[in-house]
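To start, the structure itself, in C-alpha cells.
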Amino acid sequence: MERDTNFVLGVFDDEDVLLHAVEEVRSSGVKIHEVYSPYPVHGLEHVLGYKRSRLPIAAFLFGMLGTSLALTMQFYMMRFDWPMIIGGKDYAAFPDFIPVTFEMTVLLAAFGMVGVFMISSNLKPWAQPRIFDVRSTDDKHIMAIDIANNSAMDLAKIEEILKSSGATEVNKKSFE
Amino acid sequence: MQVTSSVREPLVTGGKSYHDVTHDVSRQVEGKPSLAWFLAFLTAAGVLALGSIALIATLWEGIGMWGLNKTVGWAWDITNFVWWVGIGHAGTLISAVLLLFRQKWRTSINRAAEAMTIFAVICAAMFPVIHMGRPWLGAYWALPLPNTFGSLWVNFNSPLLWDVFAISTYFSVSLVFWYIGLIPDFATIRDRATGLRKTIYGALSFGWDGAAKTWMRYESVSLILAGLATPLVLSVHTIVSFDFATSVIPGWHTTIFPPYFVAGAIFSGFAMVLTLMIVTRKVFKLEDYITIGHIELMNIVIIVTGSIVGVAYITEFFIAWYSGVEPEFYAFYNRATGPYFWAYWTMMTCNVISPQLFWIKKIRTSIVATFALSIVVNIGMWFERFVIIVTSLHRDYLPSSWAMFYPTWADVGVYLFTFGLFFTLFFLFAKFFPVINMAEVKSVLKSSSEKVSK
C-alpha cells in the first residue's frame with residue numbers, strides 16, 4: 001500500500017468557503033489534484049486555474065461540418081444526380097434547402113460537442129470512477145490533494161492549511 | 001443552509017438543506033412504488049394495450065380503417081401529430097430558453113418537462129409513420145437512401161421532408177440534452193445505492209465523479225446545447241406549420257402560421273406540463289420544490305401565449321376578409337358558421353377566453369383551477385388543429401365533392417394508443433428516474449436569495 005496513490009481530502013460544506021479555501025490552499029503552494037462537488041460551483045474553475053473549455057470550438061466545427069454536408073448532399077442529389085423540375089422551381093432551389101441544412105447543422109453540432117465532452121471527460125457506461133467520498137454527489141465538496149505531487153510539503157502542514165481554510169473534516173484516502 | 005429573503009419568494013420552500021434535496025428526490029427512485037403509482041401505471045398500460053388493437057388493425061388492413069375520404073384526406077392523424085408535437089415544445093423551451101434567460105425557477109421543473117417532451121415527440125412521430133400505410137418501406141420515402149428505382153432521391157423541396165429532419169433532430173437533441181442533465185443525478189443515486197441498483201445506476205451515470213473540470217465542461221455543454229436548442233425548438237413548429245402554409249389550400253397558406261404555431265405549441269406544452277406536474281408534486285410530495293410560485297409563473301406563460309394565439313385567430317380571420325380572396329374568406333366564414341362551427345367555438349372558448357381567467361391572481365395560484373384550465377387548454381389546442389385541418393379540407397373548390405369527416409373506432413383507438421404510450425413512459429420515468437434535477441436545484445438553493453445573507 002505504501003507506493004499507491006494517497007490523497008488528503010478536505011471536506012467543505014459551503015461553496016463560498018470552498019472558493020476561498022481553494023485560493024488559500026493554492027497560494028500556500030499546495031497543488032490541488034481536483035475538487036469534487038455535487039453541483040456546479042460558479043467560479044471554481046477560475047480559482048483552480050483551469051483554462052476555458054474549448055468545447056464551443058468543437059461545437060462550431062461540427063456545426064460547420066453539418067452545414068457543408070447538408071448543402072453538398074442536397075445540391076448533389078437535386079441538381080446533379082437526378083435533376084427534376086418540382087413545382088416549377090430551379091433544380092437547385094436554394095431557399096428550399098435551408099430547413100434541412102439548419103437541422104443538420106444543429107444535429108451535428110450537438111452530437112459532435114457531446115461526443116467530445118464524453119471522450120474528454122471519460123464518460124462511458126463501463127467507466128469505473130474513483131470515488132473519493134460518496135458525499136461528493138450529495139452535499140459535500142471534496143478537495144483532493146495528491147500527496148505524491150506535494151512531496152516537498154509536510155503532510156501535517158497540508159492538513160493544517162486545509163483546516164484553517166475552512167474544511168469541516170480532513171480525511172485520507174488511498175487507491176490501489 | 002437555505003437563506004430566506006424578505007424580498008423574494010424562495011424557489012424551494014421548507015428550508016431544505018442539500019442533503020434534503022438528495023433525499024426527497026432519490027427516495028422515489030429507491031422506495032417501493034406506491035399503490036397509487038401501480039394503479040396509474042396499470043391504467044396507462046391498459047389503455048396502451050387497448051389502443052394497440054386499433055394500431056395493429058390499421059397496420060394490417062391499411063389506413064382505409066380510418067374515416068378519411070377523398071375530400072378529407074388528412075384528419076385525426078395529422079391533428080394528433082401536430083397536437084403531440086406542440087406539447088413536446090414545453091420541455092426544451094423550459095430547459096433551453098429559460099436557461100438562456102437565467103430563469104432559475106426552471107430547475108425544479110425542467111427534468112420532468114423534458115421527459116414529457118421526449119415522450120410527446122415519440123407519440124407525435126407515430127402518426128406520420130403509421131399514415132404512410134406501409135411504414136416498413138418508409139425509410140425509402142423519408143430518408144435520402146439510394147434505392148432500386150435508380151437513384152431517385154427524396155424531395156428536398158417538400159415541407160414534409162423538412163419535417164422528417166426537424167422532428168428527428170429535435171427528438172435526438174432533446175434526448176441528449178435530457179440525458180446529459182441526468183448523468184450527475186444518476187451518480188447521486190449510485191453513491192447512495194448498493195448491489196444491483198448500484199450497478200445499474202453506475203452504468204447509467206457513465207462514471208460521473210463531479211470533478212470541477214467535468215462540471216466546467218458540463219456547464220459549457222449545457223449552455224451551447226441551450227443555444228442550439230432554442231432556434232431548434234422554434235424551427236420545429238415553424239416547419240410543422242410549413243406543412244400547411246406552403247400548400248395552396250384556403251385557410252392553410254397564410255404567412256402568419258409559423259409564429260402562430262410556435263405560440264400555440266408553447267401554450268399547449270405548458271398546459272400539459274402543468275397537468276403532469278400538479279399530479280406529480282402531489283403523489284411524490286414535492287410541494288416544496290414545485291411551489292405555487294412555479295405554477296403561477298407557468299400560468300403567466302399560458303396567458304401570454306394564449307393571448308398571442310387569440311390575436312393570431314383574429315388576425316387570420318381579418319386578413320382572409322381584407323385580402324378579398326373569396327375562397328380564402330369562405331374557408332374562415334365556414335369555420336365559424338358552417339357544419340363544424342361547434343369545433344371552431346370550442347377552440348375559441350378553450351384557447352382564447354379561458355386562459356384570460358389567469359389574469360385573476362386567485363385563479364392563477366389555485367391548484368384546482370390551474371389543473372382544470374390546463375386540461376381545457378389541451379382540449380382547445382386539439383380542436384385548433386382539427387379546425388385548421390378538417391374544416392379547410394371538407395369544403396374544397398368543388399361543391400360536388402364537399403364532405404364531412406367521421407372518425408372510426410380505429411381513429412379513436414390509435415389516438416388512445418398514443419395516450420397509453422405517453423403515460424406508460426411518463427410513469428416509468430417518474431418511478432425510475434429522479435423527477436427533479438437535484439444538481440441544478442442544489443445550485444440555486446443558496447444563490448437564489450444571496451443578497452440578504454450577507
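General remarks:
- From the list B:286, B:373, the lone residue that is of a type outside the set (Asp, Glu), at pLDDT 90 or above and on the phi < 0 side of the Ramachandran plot is B:373.
- Segment B:174-185 - residue that is touching a residue at least 60 places away in the same chain (Cβ under 8 Å) and not polar (S, T, N, Q) and, of those, farthest from residue A:108 (Cα to Cα): B:185
- In segment A:35-63, of all residues being in a helix (DSSP H, G or I) and exposed (fewer than 14 other Cβ atoms within 10 Å of the Cβ), the one that is modelled with the lowest pLDDT corresponds to A:46.
- Beta carbons closer than 8 Å, at least 6 apart along the sequence or on distinct chains, never pair a first residue in segment B:238-260 that is away from chain A (no Cβ under 12 Å) and crowded, with 20+ Cβ neighbours inside 10 Å with a second that is outside any helix (DSSP H, G or I) and among the small types (Gly, Ala, Ser).
- Listed by position, the helices (runs of 4 or more DSSP H) inside segment B:118-233 whose residues that are within 11 Å of chain A (Cβ to nearest Cβ) and of a type outside the set (Gly, Ala, Ser) number at least 1 are B:159-192, B:195-204.
- Yes/no for residue A:32 being more than 17 Å from residue A:163 (Cα to Cα), within 11 Å of another protein chain (Cβ to nearest Cβ), of a type in the set (Val, Ile, Thr) and not in a helix (DSSP H, G or I): no
- When the residues of segment A:148-176 are filtered to those that are assigned to a strand (DSSP E or B) and among the hydrophobic types (A, V, I, L, M, F, W, C), the one that is surrounded by the most Cβ atoms within 10 Å (Cβ to Cβ) is A:170.
- Any chance residue B:400 is in a helix (DSSP H, G or I), out of contact with any Leu (no Cβ under 6 Å at 6 or more places or on another chain) and loosely packed, with under 15 Cβ neighbours inside 10 Å: yes
- Only one of the listed residues (B:81, B:101, B:149, B:119) is at pLDDT 90 or above and more than 20 Å from residue B:258 (Cβ to Cβ). That residue is B:119.
- For segment A:114-123, the criterion of a residue being surrounded by fewer than 17 Cβ atoms within 10 Å (Cβ to Cβ), modelled with pLDDT under 90, more than 30 Å from residue B:445 (Cα to Cα) and not β-branched (Val, Ile, Thr) is satisfied by no position.
Residue by residue, here is whether (1) within 14 Å of chain A (Cβ to nearest Cβ); (2) within 23 Å of residue B:105 (Cβ to Cβ); (3) modelled with pLDDT of 85 or more; (4) under 24 Å from the mean Cα position of the chain (by Cα) holds:
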position	(1), (2), (3), (4)
B:1	yes, yes, no, no
B:6	no, yes, no, no
B:15	no, yes, no, no
B:26	yes, yes, yes, no
B:30	yes, no, yes, no
B:35	no, no, yes, no
B:45	no, no, yes, yes
B:50	no, no, yes, yes
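- Restricting attention to segment A:71-112 and to residues that are over 30 Å from residue B:92 (Cα atoms) and of a type in the set (A, V, I, L, M), the residue that is surrounded by the fewest Cβ atoms within 10 Å (Cβ to Cβ) turns out to be A:85.
- For segment A:90-101, the condition holds for at least one residue, the condition being that it is free of Cβ contacts under 8 Å to residues at least 60 places away in the same chain, in contact with a Ser or Thr (Cβ under 7 Å, 6 or more places away or on another chain), closer than 28 Å to residue B:232 by Cα and more than 7 Å from every other protein chain (Cβ to nearest Cβ).
- Residue in segment B:241-260 that is in contact with a Gly (Cβ under 8 Å, 6 or more places away or on another chain), in a helix (DSSP H, G or I) and modelled with pLDDT of 90 or more present: no
The values are calculated or read from the model by the stated rules, or taken from the named source; none is laboratory data. Only a predicted model underlies this, so the values are computations on that prediction, with no experimental measurement involved. In this analysis, Cβ positions are derived from the backbone assuming ideal geometry, glycine residues included, and neighbour counts consider all displayed protein chains.
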